[in-house]
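Structure record follows, encoded as structure tokens.
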Amino acid sequence: MSSNTGDLVADFFCGSGTTLAVAEKLGRKWIGCDLGRFAIHTSRKRMIDVQRQLKQDGKPYRAFEILNLGKYERQYFSGINPNLSEEEKVKLSIQKEEQYLHLILQAYKAERVLQMQPFHGRRGKTVIVVGPLDAPVTQAIVHEAVDACKKQQISKLDILGFDFEMGLLPYEVDKAREKGVRLQLQYIPRDVFDKRAVEKGQVTFYDVAYVEIKPHVEGTKAWVELTDFGVFYRQDDDAEKIKKLKNNSSKVIVKEGRVVKVSKDKHGVVNEDVLTKQWSDWIDYWAVDFDFFTRAETVRILENGVERDVFTGNYLFENEWQSFRTRKDRSLEMQSAAYEYPHAGRTYTIAVKVIDIFGNDTTKVVEVKT
């Protein structure tokens, strides 16, 4: 009510995005923030619906980007003053590494181990490797850990990371299984930087998923087909949750890698209805950026009284096409619309982002030549 057309409106607890939707419809610029991943994902779909309607009505709208603040917290956490001596830098680096491992293992409800290289922690009979703070978990890290498990006759291994090298799933999981090791790759959520969430045990780690896509090219036109999506979610206490279920009630759980609705009737008889019958049932939303790596992400910093733009090393993902489920329409398109490139005979990069029913996203990048 207190703003004018063109003003900037901010809602730092945006929930389902009501403020943002109204601001967009009334021609305001906006910023929305929320700690909950579902709030952000719900707002994203809502804003796309709003903009589709504005486009249909011939009214203006702006593109928007979703930024994950967790990666900036990681940069801050790993920062070391360049003016320190080399000895001080090494000492501080070791100290920060230990703080980082303690933080992640505490959130994962695991204990720190020091004499079991290359493992960093243990939770019950499962050994844990924590990936680097500022780099993805690589195939080499996985191989070293799996080989160490085989040598020490350890059958369960969890590897935690903020990012993972492409192609690790499902190949490396299957390869580890052949060596007698049950390998679990899990994303470290940004919630680990929320001290209150860690102390209350509210941090949830999610399994890494993989996505397969098939690009189609005809002349300067290209489109993408979604061909497979795999997740390896588990819930260790599923039997306990079923046991505690009251008569005449139901609950949705993850059981044996599937989402199951468990119901208990008035006589205590349990019925199970599998909700994820095929791979596409895991997907809530997917989007395509047909020309990725062209929009560098920069942040503006103030240094010695002078502002300058600095490249963060990341690129902006632009939702040039998307399909998603809503409460009213549960269908999902498996093939994108065609996109026409401006030049023939050039190589372009396509990025596909898939968001599953738990709000976790997976990205696949491929190159196409027109």
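Nothing in this text is a laboratory measurement; each read-out follows from the coordinates by a stated rule. For clarity, every value in this text was computed on a predicted model and none was experimentally measured. Cβ coordinates were reconstructed from backbone atoms using ideal geometry, including for glycine residues, and neighbour counts include every protein chain displayed.
Quick rundown of the values:
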quantity	calculated
Relative contact order (%) - criterion: Cα under 8 Å, at least six apart; region: the chain	10
Positive-pole candidate from 287, 312, 231, dipole of segment 226-370, charges at beta carbon	231
Proxy reagent accessibility, fewest Cβ within 10 Å first, across 279, 321	279, 321
All-pairs alpha carbon distance profile, segment 72-207, 10 Å steps from 0, percent	12, 40, 33, 13, 2
Rounded to 5, percent antiparallel among DSSP beta bridges of segment 72-207	35
Largest to smallest principal axis extent of the C-alpha atoms in segment 150-237, angstrom	55, 38, 23
Magnitude of the charge dipole, segment 238-353, Cβ model with Lys/Arg +1 and Asp/Glu -1, debye to 20	1060
Calculated P(r) tail over 30 Å for the chain, as whole % of Cα pairs	50
Debye, to nearest 20: dipole size of segment 22-162, +1 on Lys, Arg Cβ, -1 on Asp, Glu Cβ	840
Surrounding net charge for residue 128, when Lys and Arg each add one and Asp and Glu each subtract one, Cβ distance under 12 Å	+4
Whichever aspartates and glutamates have a C-alpha closer than 20 Å to that of residue 156, once near sequence neighbours (fewer than 8 apart) are set aside	111, 144, 147, 172, 174, 178, 207, 236, 237, 238, 256
Gain upon complete extension [residue 5, residue 91; 0.36 nm per residue less C-alpha separation]	25.6 nm
Lysine pairs within segment 1-138, Cα separation less than 24 Å, 8 or more sequence positions apart or different chains	15
Check: the chain dipole with +1 on Lys, Arg Cβ and -1 on Asp, Glu Cβ, in debye	1360
Percent of beta bridges antiparallel (DSSP, the chain, rounded to nearest 5)	80
Rounded FRET efficiency, nearest 0.05, which uses the C-beta distance separating residue 59 from residue 314 and R0 of 35 Å	0.65
Per-residue [θ]222 nm for the chain (sum of -39500 (n - 2.57) over DSSP H runs n ≥ 4, rounded to 500)	-7500 deg cm²/dmol
Listed residue (301, 248, 275) projecting farthest to the positive dipole end of segment 245-323, Cβ model	248
DSSP beta bridge pairing in segment 1-151, given as percent antiparallel to the nearest 5	55
Estimated FRET transfer efficiency (residue 307, residue 334; beta-carbon r; R0 56 Å; 0.05)	0.80
Residues of type lysines that residue 221 reaches as a straight line, Cα spacing below 18 Å, ignoring anything fewer than 8 places off in the same chain	369
P(r) histogram, all alpha-carbon pairs of segment 263-370 included - 5 Å bins from 0, percent	2, 9, 14, 15, 13, 12, 10, 8, 5, 4, 3, 2, 1, 1, 0
Gaussian network model of the chain, springs between alpha carbon atoms under 10 Å - residue of 190, 122, 28 with greatest fluctuation	28
